[in-house]
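The values are calculated or read from the model by the stated rules, or taken from the named source; none is laboratory data. Note that this is a predicted model, so its numbers are computed, not measured. Ideal geometry is used to build each Cβ from the backbone, glycine not excepted, and the neighbour counts take in all protein chains shown.
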Amino acid sequence: WCEVTDKFEVSEQTALDEIAPYHIWTSDYANKRLRWRPKQPLTIALLRMYALEQPQALPVLGEYGGCKSWVDLAEDVHLGDMTPVLSDDAYEAQAQVIRAALN
């Protein structure tokens, strides 16, 4: 499970280069995404990740398919106890680096 803690709009390659250690994209792919819609900035979401106590299985529904940023789930998911993947201090340290690069 994750929580969106910050959102940023990015229109410059230099900003993406500064946060390269913190995302999964290759430099080439990040540049392609940035240039895909040149007049529309790329939205970057900063995520706080949590491990669930119990894995959850969700059905794969047709309406979940396709190119989507967000999907409304057809059923509620019991999250139960969640453990942050990073400690509060570790998360804030990394988040501050990203915020400084993108603000």
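Pick from segment 36-57 the residues that are touching a residue at least 12 places away in the same chain (Cβ under 8 Å) and among the polar types (S, T, N, Q): which of them is nearest to Asn103 (Cα to Cα)?
Here the answer is Thr43.
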Odd one out for Pro55, checked against (1) within 30 Å of Glu75 (Cα to Cα); (2) of a type outside the set (A, V, I, L, M, F, W, C); (3) under 16 Å from the mean Cα position of the chain (by Cα) | (3)
Evaluate segment 54-68: report whether one residue or more is among the basic types (Lys, Arg) and part of a loop (DSSP other than H, G, I, E, B).
-> yes
Of the conditions (1) farther than 16 Å from Cys2 by Cβ; (2) part of a loop (DSSP other than H, G, I, E, B), Tyr29 clears all except one; give me its number.
-> (2)
Count of segment 48-57 residues which are surrounded by fewer than 10 Cβ atoms within 10 Å (Cβ to Cβ), among the hydrophobic types (A, V, I, L, M, F, W, C) and under 25 Å from His23 (Cα atoms) | 0
Can you tell me which of Val71, Val60, Val77 is touching a helix residue (DSSP H, G or I) at 6+ places or on another chain (Cβ under 6 Å) and surrounded by fewer than 13 Cβ atoms within 10 Å (Cβ to Cβ)?
-> Val71
Does segment 63-71 contain any residue that is of a type in the set (A, V, I, L, M) and over 23 Å from Glu12 (Cα atoms)?
-> yes
Considering only segment 1-35, state which residues are surrounded by 13 or more Cβ atoms within 10 Å (Cβ to Cβ), of a type in the set (Gly, Ala, Ser) and free of Cβ contacts under 8 Å to residues at least 24 places away in the same chain.
-> Ala30
Test Tyr91 against the criterion of being in contact with a strand residue (DSSP E or B) (Cβ under 8 Å, 6 or more places away or on another chain), surrounded by 10 or more Cβ atoms within 10 Å (Cβ to Cβ), closer than 23 Å to Asp17 by Cβ and among the hydroxyl-bearing types (Ser, Thr, Tyr), and give yes or no.
-> yes
Looking at (1) assigned to a loop (DSSP other than H, G, I, E, B); (2) at pLDDT below 90; (3) out of contact with any Phe, Trp or Tyr (no Cβ under 9 Å at 6 or more places or on another chain); (4) surrounded by 11 or more Cβ atoms within 10 Å (Cβ to Cβ), can you tell me which one Pro38 breaks?
-> (4)
